[in-house]
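Heads up, the thing below is written out as structure tokens.
Derivation of every value follows stated rules applied to the coordinates shown; laboratory data play no part. Nothing here was measured: the structure is a model prediction, and the numbers come from that model. Here the Cβ is made from the backbone with ideal geometry for all residues, glycine too, and neighbour counts use every protein chain on show.
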């Protein structure tokens, strides 16, 4: 378990991280390319500008994770629950969000290119309005 450790700009390329827990860690700019394993967990971590392609956090409750500007391309968030998380400015291309509850996530200004990756995700009315506004639509009450 890694608790409260500054792991900024660390390189985890090809590492097996089975059973690892990252709690209250600073992982800004960390590169988790081609990591393998099961049962790993991140909670209350700063993952700004981190490289996390293909990371599998499916079915997990994600608490206070800041993925701002991170590369989440191909990551699997199927059935994950986001609680006080930020995806602002993150690369979501190829990421899977089927069944993911994003109501507790700051989606920021998601680009039109990233919206297909959110297919099957659960979002709030406020988030839906923000996404629609990003498409140039104006949502008015009936």
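General observations
- Note on the chain: percent of Cα-Cα distances in each 5 Å bin, starting at 0 and stopping at the bin with the largest distance, equals 2, 10, 19, 26, 19, 11, 6, 3, 2, 1, 0.
- For a label point 7 Å along the Cα-to-beta-carbon line of residue 84, residues of segment 24-49 with backbone N under 11 Å: 44-45
- Residues 38, 110, ranked from the fewest to the most other C-beta atoms within 10 Å, line up as 38, 110.
- At R0 = 35 Å, FRET efficiency that the Cβ-Cβ distance of residue 61 and residue 142 yields, to 0.05: 0.50
- Listed residues 102, 65, 131, most fluctuating in the chain (Gaussian network, C-alpha, under 10 Å): 131
- Nearest 10 degrees, 0 to 90: helix 125-134 Cα axis against the chain principal axis: 80 degrees
- Here residue 33 and residue 125 are evaluated by their C-beta separation; at R0 = 35 Å the FRET efficiency comes out at 0.45.
- Residue 20-residue 133 pseudo-label distance in nm [points 7 Å out on the Cα-to-Cβ vector]: 3.8 nm
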